[in-house]
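Bear in mind these aren't lab numbers, they're just calculated from the coordinates by the rules spelled out. These figures come from a predicted structure and were not determined experimentally. No Cβ is skipped: glycine too gets one built from the backbone with ideal geometry, and neighbour counts run over all protein chains shown.
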Amino acid sequence: MPLSFPVRTNSQRTTASRTTTTPSKKGTTMSSTRSSRGRARAGVLASIALGSVLLSGCTAANADAATYTYEPGEETVELEFWTAAVEDVNQELVDMFNETRGEELNIHVTANYQGDYVETEQKVNAAALADTLPNMFVDEVGMTERFARATTTLNLEPYMAAAGMDDADFQMGETDNLYVDDEMYAFPHMRSVPVMYVNQDMMRELGLKETGPETFDEFEDYLEAAHDYVGGPAMIFCDYDFWVMEALFYSYGGTAVLNDDETASMYDTEGAIKTVEWIADLEDRDLIKVTGAADVSAFFAAAGSADTAFTFLSSGGIQSILGLAAGNGVDVGVSLIPAGENGQRGVSVGGSNIYLANTGTDQEKAAAFEFMKWTSDTEQAAYSSSRTGYLPVRLSALETDLIKDLMETTPGYAVAAEQITFGKPRPMTKAYSELEDLMTERIHAIYFDDLDASEAMSALAEEVNAVLKR
């Protein structure tokens, strides 16, 4: 099916708006309309120039523009790039840059892998305090605001304006996690969404649609049939990754984790409570097996097993999960997360951004921006996607032969591209990493300690609110 993505231009404020529906505390629904941000990169540079002319003439205006523009010199500019996740692909991109565009511009980049997103965030924060930041780094999409508020990262607007560049081509689904106060503070690096991996062999054996259930009502019926087929739970639900829980709150419960301005929890709403009750009921009926972080290896291994009917997991794992399943002789496909009541769908858009660190000389910052611009450009976006399972971060990448061929040979990519059209931004409050651990622990206890979901979720809401108010 044709995919439609909102496009925001740099020349005018769009009149389109995005409406989100969030359950109120009483279970009714409230609609909040957020106007699409208008981008004005040319206007940013024009404002810089105009202000400078009024103050001290054209020379100052040119100096301001030059601050954000890289000019190659005789000496090579050495840059450090901290990476997180998909270490091999990030290294490949760095090698490609150094051998091509970097050589042209006399820029050399050294990549240093820092671990997962949380580990990288901790190292970035420590480096900011010690004044030892790398020139640019990769980290999770929900961290944009906390890095910007701490002045760890730089506003990209003046660099983009100086380059004559806008953000329209980046509007691949939900992109709020690139911005702080309507200013762009990150480029998208790799994008993913939760999807449903389906054991198509099992579906055919059961006489069911090989693409799996389309709604959560069908999902329960399919789980019951799969349970009878394998003699036990045919799905492992691993609640260590709260990102998937966010998708279920949106799609099944019709609610978010936090309210729109991220000042209060939504856990004591009807939608949140019924989502957790539903998962607990599936576990009680032996239709799914709920596991935590300690069993994550078994969870990933089961995703490609002949006895697993469904897995909710990142689209970034398309290559690895399908490869694992093929090695086991199992035909696994990729489908949308089922729809909830009245066809409601929603998933948090995950993955990583690339950030320009607030360190170094103006020349080094401008050189780092050149690397970021190249890394996120159309051909590199297509390459990264083809090597991983992550979605390309530019609309133009969808038109490359590489991605067209990939969507033809691996339909899971097209499913992920459709899934992202139902995307929501991840919470960006500075406390969210802490909250994810807290929320996972408390909700996990509901499943295994036989707690009353309504009481436990209300108590959790109070805990979350206390953290948010600190």
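Does region 222-232 contain at least one residue that is surrounded by 22 or more Cβ atoms within 10 Å (Cβ to Cβ) and in contact with a helix residue (DSSP H, G or I) (Cβ under 6 Å, 6 or more places away or on another chain)? It would help to see each step written out before you state the result.
The initial filter retains those residues of region 222-232 that are surrounded by 22 or more Cβ atoms within 10 Å (Cβ to Cβ), namely 222, 226.
Filter once more, keeping what is in contact with a helix residue (DSSP H, G or I) (Cβ under 6 Å, 6 or more places away or on another chain): none.
Scanning region 222-232, I find no residue that is surrounded by 22 or more Cβ atoms within 10 Å (Cβ to Cβ) and in contact with a helix residue (DSSP H, G or I) (Cβ under 6 Å, 6 or more places away or on another chain), so the answer is no.
Pick out the one residue from A445, A381, A367, A414 that is assigned to a helix (DSSP H, G or I), farther than 30 Å from F97 by Cβ and of a type in the set (A, V, I, L, M). Sole residue among the options that is assigned to a helix (DSSP H, G or I), farther than 30 Å from F97 by Cβ and of a type in the set (A, V, I, L, M): A445. Of the residues screened, A65 is one that is over 30 Å from G351 (Cα atoms) and of a type in the set (G, A, S). Looking at region 394-411, which of its residues are more than 17 Å from the chain's Cα centre (by Cα), in contact (Cβ under 8 Å) with a residue 12 or more places away in the chain and assigned to a helix (DSSP H, G or I)? Within region 394-411, S396, A397, L398, L402, I403, L406 meet the criteria.
Could you tell me which residue of region 303-321 is nearest to E418 (Cα to Cα), considering only residues that are hydrophobic (A, V, I, L, M, F, W, C) and in contact with a Gly (Cβ under 7 Å, 6 or more places away or on another chain)? Give the derivation first.
Here is the first cut: in region 303-321, the ones hydrophobic (A, V, I, L, M, F, W, C) are 303, 306, 309-310, 312-313, 318, 321.
Next cut, in contact with a Gly (Cβ under 7 Å, 6 or more places away or on another chain) only: 310, 318, 321.
Numbers: F310: 19, I318: 15, I321: 19 Å.
That would be I318.
Sort out which residues of region 320-337 are part of a helix (DSSP H, G or I) and either surrounded by 23 or more Cβ atoms within 10 Å (Cβ to Cβ) or β-branched (V, I, T) (or both), and write them in order of number. Can you show your working first?
So in region 320-337, the residues part of a helix (DSSP H, G or I) come out as 320-327.
I321, A325, listed by residue number.
For first residues located in region 429-458 and under 26 Å from L178 (Cα atoms), partners that are among the acidic types (D, E) and lie 6+ apart or on another chain with Cβ distances below 7 Å form the pairs T429/E262; S433/E121; L438/E463; T440/D239. Across region 198-206, a minimum of one residue is classified as free of Cβ contacts under 8 Å to residues at least 60 places away in the same chain, among the acidic types (D, E) and closer than 21 Å to G304 by Cα.
Considering every residue within region 229-241, establish whether at least one is part of a loop (DSSP other than H, G, I, E, B) and touching a Lys or Arg at 6+ places or on another chain (Cβ under 6 Å). Yes, that holds for at least one residue.
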